Each structure stands twice: as C-alpha cells, then as structure tokens.
Amino acid sequence: MDYTWHFQIVWDYRAVFIRGAIVTAQITFWATLIGLTLGLALGLMRRSEMVLLRAPAATFIELFRSTPALVQLVWIYYSLPILTGLQLSNTASVSVGLGLHAAAYFGEIFRAGVNSISKGQWDAARAIGMSYSQSMRRIILPQAIRRMIPPFINEFASLIKLTTLGSALAVYELLHEANNLINSTYRPLEIYTVLAVAFAVIIYPIIYASQRLERKWQLRQ
Amino acid sequence: MKEIMIKARNVQKSFGTHQVLKGIDLDITKGEVLAIIGPSGSGKSTFLRCMNFLEAYDFGEIWLGDQLVGYRKSASGALVKDKPARIAAVRARMGMVSQNFNLFPHMSVLENVIEGPIVVQRRKREDAVAQARSLLDRVGLSAKVDVYPETLSGGQQQRAAIARALAMNPEVMLFDEPTSALDPELVGEVLDVMRALAADGMTMVVVTHEMAFARDVADRVMMMDDGNRVEIDTPEKIFTNPSHPRTAEFLQRVLR
Ligand SMILES: Nc1ncnc2c1ncn2[C@@H]1O[C@H](COP(=O)(O)OP(=O)(O)OP(=O)(O)O)[C@@H](O)[C@H]1O
Ligand SMILES: [Mg+2]
C-alpha cells in the first residue's frame, strides 16, 4: 500500500483545530468546577450520619457511576429544558452533564480521602474543642487532599477525553470540528492522527505528574 | 471540704449489646492525681473518653464543676444530648493525651500547640505563640519548635502532645496510657513531665500500666475490672493491702 500522507492539510486548517480546542477547554473547565463543588458536597453528604443526606448522595453517585456517560449527556440534553425550564446552549448542557458525571467520581474520591485519615486525628481535634467543621477544615481535609490529588488528576484526564462525547450533541469541540473537516477534505487518517496526538500531548503529562506525585508521597509516609 | 472537679454518677455505656461501663461513681477533687488501673478491656479508656464526651455515655451523669458533660436536662427532667457547640466548649476545658499522640502531621510542633488557642479560643496569635514557646520549653522541646512531628521520637511527640493540651489552659488533664506506645528508654522523659505537672497542682486522671508512677505520683488509685469500679484508695493501701481479691490478683500479675 502506498498512501501519501498530507499533513499540510491539517496545518492549513489549524484555526479550526484551535477553535475546537478552546471549546474542549471550556467544557473541561466548567465540568471540573461543577464536579469539584458538587463532588465535595456529595462526598461529605455520603459520610453523614443522617440518612436524609446520605441516601440521596449515594443514589446520585451510584446512578452516575453505573450508566454510560453518553447516555447521561443525551438524557440531560433532552430532559433539562423540560425539568427546569432552562434552555441551555449545547455547550453548556454538555458542561453540566459532564460536571454531574465528574461529581459522582470526585465525590467518591473525597469520601475515600477523608475516610483514610485515622480516627485519632478526629479525636485530637475534638479534644481541643473543635467543632465538626473546624476539624474538617483545619485538620482532616488538609491531610486528605494530599491523598486525593493523584486520583483526582486521573479523573481529570478522563474528563478531558469525555468532552469528545459533545460531538454527539452538535457541540463544536475538537472531535466535532475534526469530523467536519474530514467531510470537506476527505483526509480522515491525517486528521484523526493529529487529533489523537493532540489529546496525548495534553493528557500524558497530566498522568505522568499524577504518578510522580503518588510515588513521592508514598515515599514520605 | 475540697472543691470537686469531676463528678461521675452511675455512668453506664454499652457498645451494641456489650456493656462496657456498668455504673461508675467517682469524685475527683481539684489538684488531685487519680490513677486508673485494671486489666485490658475493663473499660478504662471508655470511661476516660466519656469524661470529655468523645464517647457518649448512655446512662448516669458526668459533671465538670457545675456543668453537665454532653447532656442537658430538659423541662421534664430527662437528659437530652447537648448542642454540639456546648459539648465542644466543655471539652475545651479538659486536656486529653492519648497513647498514639495524634499530633497533626501537616503542622509544625508550634502550629500544633497554637492551633486550639487560636482557632477554638480565638486568642491573639502573638499571645498564643508566646505561651506555646514557654510550654514547649517546659516540656523540653524548645529546640523542636519548628520541626514537623514525623521527625520527632515517640517521647518527644508525646511531650509535644502534652504541650498542645496544656495550651488550652485546661482545668483537668486526661491521660490514656501516655507511655504505652513508647520504647522503654523514652518512658521516663514523659513521666517526668507528668510528675512536674502534678507537682504544679494540675488535676489529672491517668489511665496507666506504669505501677511505679501510680504509686509515687497518684493521690488515689482506682482499680477497674469488667466495667466496674472495684476499689478506689490511696496508693499505699492499694499496693500493700488491697481490699479486693481482683486487685490483689491483678497487681500480682503486673508487678511480677
Ligand atoms: N468503639 C467501640 N466499639 C465497640 N466496642 C468497643 C469500642 N471501644 C471499646 N470497645 C470495647 O469495650 C471494652 C472496653 O474497652 P476499653 O478500651 O475501654 O478497655 P481498656 O480498659 O482501656 O483496655 P486496654 O487496657 O486494653 O486499653 C473492650 O471489650 C472493647 O473491645
Ligand atoms: Mg485503653
């Protein structure tokens, strides 16, 4: 087989890739923000002694962890306007959907991190008269966050990859822009190759950093 | 008549169906050093943890001065769980030192000691720091003020934990086997600090397996067995002529 590669095409259309990358970055940013805030709340709720807090958090988390992200996105895309009356743009809807998806995973990371701190630390904090929230903020979370960072980074990397699901909802992120380009240029190999390399270049350093941190902190314990 | 610092009446506690405290009565006077001894599993730690309500007792009453610990009397006279803020406030009046030190590993020794005064008592930072430095000096750690706990020996960690508890200016100090996690050669330095504290007139409740310490430093020794207070008396009486066979048997075993 002699196939002549034409990477020049990709370079000619670089503006399209950059446009797509910006949308991908926006979705990642908002989804991370929603995921972290809601995830912290879910993680804390799931640790609560009150069933009224614990049960909804557990249901949410398990529901989102046991269904495909694409199904979640499509469902949210169609049902959000009906349920809330809010007409979101496609990009916003995908950001919210991935944010909820990420919240389920971040919530579990928070919970596991907090649970990994020994009971003696709670005792010591409470023995000097700290309230629950003081103990959490000053003593438990600062220690737990260290252990949360490596799994958090992993989750963040999958979140970036999940943004490609936005193409199914006509969101002009990287994959969607790439597909459009293929339709006009008929150069799928070049374009998908560059796309894969672009994701790898962004994500591999993140995974590498997470592994380094994990090793460093394991050594220190 | 000496002022009563801690008063326990018929204190009971169960974990599930297992009754761990079976109705303990105790008066501790101001400035007194009380040692609690007894076999493993007899409920010593649980009783100590009920005093500052780290463990909620199910029945009976524990008083710190004129403050009921952990509960308040409702209009009908029944006891109901107190508000978290009031429980925290009564806890802050008691210092606690546990077997495993439990220093905060993400804070330097100094930060460990000023944490409670600044965050809980809302004292000025410079006052808290000045007091912390003098306390750390008192427990022989003035050279370790800025290091992190992980770099300290067990004995040093325990002395830092004592300084952290003292920084709250507690009315009572509760110790749960403060030396039992230490290498034998480090036990002495911690007991010396506790001796000095007792000599200064601090009210202390010390759960301990160090019989020499109980004999030399305690004003009274309480023997516990199977969730009961078997006897309570002066060290001379307990160690030379215990009135209960369980005490004699226990002492024979540990003093061998
Ligand atoms: N959180 C808990 N849940 C269930 N059982 C508990 C709990 N804490 C203590 N117990 C049980 O209560 C009993 C008394 O325990 P406690 O720790 O008070 O004994 P102790 O006298 O301090 O013993 P030791 O000398 O070994 O420290 C033990 O049988 C123990 O297993
Ligand atoms: Mg014990």
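The values are calculated or read from the model by the stated rules, or taken from the named source; none is laboratory data. Note that the structure is predicted; figures quoted are calculated from it, not measured. Please note: Cβ atoms are built from the backbone with ideal geometry, for glycine as well, and neighbour counts cover all protein chains shown.
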Scan of the range B:29-40 for residues that are part of a strand (DSSP E or B), within 12 Å of ligand 1 (Cβ to nearest atom) and over 13 Å from B:Met222 (Cβ atoms), ordered by number: none
Helices (runs of 4 or more DSSP H) contained entirely in the range B:41-119, each with at least 2 residues that are more than 26 Å from B:Gly155 (Cβ to Cβ), of a type outside the set (S, T, N, Q) and within 14 Å of chain A (Cβ to nearest Cβ): B:84-91
Residue in the range A:173-192 that is of a type in the set (Lys, Arg) and part of a helix (DSSP H, G or I) present: no
Residue check for A:Arg137: within 14 Å of chain B (Cβ to nearest Cβ), crowded, with 19+ Cβ neighbours inside 10 Å and basic (Lys, Arg): no
Contacts under 7 angstrom Cβ, first residue in the range A:33-54 being among the hydroxyl-bearing types (Ser, Thr, Tyr), partner surrounded by fewer than 19 Cβ atoms within 10 Å (Cβ to Cβ), 6 or more apart: A:Ser48/A:Arg54
Residue within the range B:147-165 that is within 14 Å of another protein chain (Cβ to nearest Cβ), among the aromatic types (Phe, Trp, Tyr) and within 16 Å of ligand 1 (Cβ to nearest atom) present: no
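Each row is one residue, and each column tells you yes or no for (1) over 17 Å from B:Pro39 (Cα atoms); (2) away from ligand 2 (no atom under 16 Å from the Cβ).
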{"position": "B:Leu152", "(1), (2)": "yes, yes"}
{"position": "B:Ala160", "(1), (2)": "yes, yes"}
{"position": "B:Val193", "(1), (2)": "yes, yes"}
{"position": "B:Met204", "(1), (2)": "yes, yes"}
{"position": "B:Met224", "(1), (2)": "no, no"}
{"position": "B:Val230", "(1), (2)": "no, yes"}
{"position": "B:Glu236", "(1), (2)": "yes, yes"}
{"position": "B:Thr247", "(1), (2)": "no, yes"}
Condition check for B:Ser108: hydroxyl-bearing (Ser, Thr, Tyr), under 22 Å from B:Leu135 (Cα atoms), over 20 Å from the mean Cα position of the chain (by Cα) and at pLDDT 95 or above: yes
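For (1) hydrophobic (A, V, I, L, M, F, W, C); (2) within 13 Å of ligand 1 (Cβ to nearest atom); (3) touching a residue at least 12 places away in the same chain (Cβ under 8 Å); (4) closer than 22 Å to B:Lys2 by Cα, each residue gets a yes or a no:
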{"site": "B:Met204", "(1), (2), (3), (4)": "yes, no, yes, yes"}
{"site": "B:Asp219", "(1), (2), (3), (4)": "no, no, yes, yes"}
{"site": "B:Met222", "(1), (2), (3), (4)": "yes, yes, yes, yes"}
{"site": "B:Asp225", "(1), (2), (3), (4)": "no, yes, yes, no"}
{"site": "B:Pro235", "(1), (2), (3), (4)": "no, no, yes, yes"}
{"site": "B:Ile238", "(1), (2), (3), (4)": "yes, no, yes, no"}
Exclusive hit being touching a Phe, Trp or Tyr at 6+ places or on another chain (Cβ under 9 Å) and free of Cβ contacts under 8 Å to residues at least 40 places away in the same chain, set B:Thr179, B:Thr208: B:Thr179
Selected residue (only one of B:Val187, B:Val193, B:Val172 is away from ligand 1 (no atom under 16 Å from the Cβ), of a type in the set (Val, Ile, Thr) and more than 24 Å from B:Ile118 (Cβ to Cβ)): B:Val187
Checking A:Ile145 against (1) touching an Asp or Glu at 6+ places or on another chain (Cβ under 9 Å); (2) over 23 Å from B:Ser98 (Cβ atoms); (3) within 14 Å of chain B (Cβ to nearest Cβ), the condition it does not meet: (1)
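Look at the range B:26-52 and say how many of its residues are aromatic (Phe, Trp, Tyr) and more than 26 Å from B:Asp200 (Cα to Cα). Give the derivation first.
Going residue by residue through the range B:26-52, those that are aromatic (Phe, Trp, Tyr) are B:47.
This time we only want the ones that are more than 26 Å from B:Asp200 (Cα to Cα), so: none.
Number of matching residues: 0.
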